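So the structure is just underneath, and the comments pick up after that.
The values are calculated or read from the model by the stated rules, or taken from the named source; none is laboratory data. Source: prediction; values computed, not measured. Every residue, glycine among them, receives a Cβ derived from its backbone with ideal geometry; neighbour counts consider all protein chains shown. Surface areas here come from the heavy atoms of the whole protein model, side chains and all, with no ligands, DNA or RNA. Shrake-Rupley method; radii C 1.70, N 1.55, O 1.52, S 1.80 Å.
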Amino acid sequence: MQPGTKRWILRGAAVFAALFGALTIKSGGSALFGDGAADGHYAPFVIWFNFLAGFAYFAAAPGLWLGQRWSARLALGLAVLTVAVFGAFGLYIVSGGLFEARTVWAMTARSLIWTAIAVLAYWALDGVRRRIPV
C-alpha cells in the first residue's frame with residue numbers, strides 16, 4: 001500500500017480520536033460534575049477513567065495525524081487500560097455492583113475502537129519503526 005494511503009488512514013483515525021475524545025470529555029464531565037451522575041447506577045471508577053481517558057484520546061489525535069510513533073504507543077496503552085478497566089468493571093458486576101447495561105456496551109465499543117486504532121497505527125507506521133512523512 002502506498003505511504004500516502006497509510007497517511008490518510010492515520011488522519012481519519014486522528015479525526016475520529018479527536019471527536020471521540022471531545023465527546024468522551026463532555027459526557028464524562030456531565031456525569032461527574034453536571035446532572036448526569038444522578039441518572040442510573042454507574043461505577044464511579046469507570047466514569048472517572050473514561051473522563052480522564054478522553055483527554056488522552058484528544059492528545060493522541062495530533063500524533064496520529066502527523067504519523068508520530070508515540071501516538072501508536074499511546075493508542076496501544078489506551079486499548080490495554082480500557083480492557084483492564086472493563087475487566088475490573090466485570091468483577092464489580094459479578095460482586096453484585098449495580099450497573100447500567102449501556103456501560104457494558106460503551107466499554108465494549110471503547111475497547112474495540114482503541115484496539116482497532118492501535119492496530120491501524122502500528123500497521124501504518126510499520127510496527128513503529130518510522131514516522132510517515134507529512
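Using 0.36 nm per residue, how much length does the chain from ASP126 to ALA84 gain when fully extended, once their Cα-Cα distance is taken away? Display every interim value, and only then the final one.
On the way: separation 42, 0.36 × 42 = 15.12 nm, distance 2.61 nm.
Separation in residues times 0.36 nm, less the Cα-Cα distance, equals 12.5 nm.
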Item checked: the chain: angle of helix 44-66 to the longest principal axis, Cα-based, in degrees nearest 10 -> 10
Notebook entry, point to check: Accessible area, 1.4 Å probe, largest first: how do SER30, SER71 sort?
Noted result: SER30, SER71
Margin query: From the phi angles alone, apply the Karplus equation (6.51, -1.76, 1.60; θ = phi - 60°) to segment 21-28 and give each ³J(HN,Hα) in whole Hz, x where the residue is Gly or Pro.
Written below: x, 4, 5, 5, 4, 5, 5, x
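Give the carbon-plus-sulfur fraction of the accessible surface of the chain in %, rounded to a whole number; probe 1.4 Å, heavy atoms of protein chains only.
Of all accessible area on the chain, carbon and sulfur atoms account for 72 percent.
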Notebook entry, point to check: Going by average Cβ neighbours within 10 Å, how do the peptides 77-84, 101-108, 58-65 rank, with the highest at the top?
Noted result: 58-65, 77-84, 101-108
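For an R0 of 22 angstrom, estimate the FRET efficiency from the Cβ-Cβ distance between LEU66 and ALA116 and round to the nearest 0.05.
On the way: r = 20 Å, r/R0 = 0.89.
That gives a FRET efficiency of 0.65.
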Note to self: How high is the relative contact order of the chain? Use alpha-carbon pairs under 8 Å, at least six apart in sequence, and give a whole percent.
What the structure shows: 33
